[in-house]
C-alpha cells in the first residue's frame with residue numbers, strides 16, 4: 001500500500017532551523033569561512049571553548065589551581081600570539097584590523113595609549129621605552 005506524502009505546512013516550511021535558533025543566542029558567533037585556514041580555526045575554537053569551559057568548571061574540584069594556572073597562561077599566550085600574527089598580516093596588506101575587545105583588555109591600557117598590541121617593550125628615540133611594532 002503506497003504511503004501518502006504529507007505536505008509540510010506553511011509554518012513548518014518557514015520555521016527557523018535548529019542552527020538559526022542557536023545563532024540568535026547572545027553568546028553565539030556565526031563565522032563565514034572564506035579560506036581553508038578559517039575552517040581549521042573554527043574547528044579549533046569549538047574544541048578550545050569546550051576544553052577551557054571544562055578546565056574552569058573543574059578548578060578546585062578535580063584540577064588544582066597549581067595545575068590550571070600554567071594552562072590558562074599558555075592558552076592566553078597563544079591567543080595573543082595569534083592576534084600579533086593577524087595584526088602583522090593585516091598591516092602588511094593594508095587591511096583594517098580591529099582587535100576584539102577581549103584582546104585589548106588582555107593587553108591592558110598600554111595598547112590604547114601607545115602600543116600596537118605586540119605586548120613588548122621597545123627602546124625608542126632617546127632611550128625611552130615604549131610599546132612599538134616588532135616589524
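Taken together, the values in this text are just the output of simple stated rules run on the coordinates, not laboratory data. Every value quoted in this text rests on a predicted model; they were computed, and no experiment measured them. Backbone-built Cβ (ideal geometry, glycine too); neighbour counts: all protein chains shown.
Points worth noting:
- Kirkwood-based shape ratio for the stretch 34-108, expressed as Rg/Rh from alpha carbons: 1.05
- Two-site label geometry, residue 101 and residue 18: point separation in nm, points 7 Å out along Cα→Cβ: 3.1
- By average C-beta atoms within 10 angstrom, highest first, the peptides 74-83, 52-61, 23-32: 74-83, 52-61, 23-32
- At full extension, residue 89 and residue 77 could sit 2.5 nm farther apart than now, given 0.36 nm per residue minus the alpha carbon distance.
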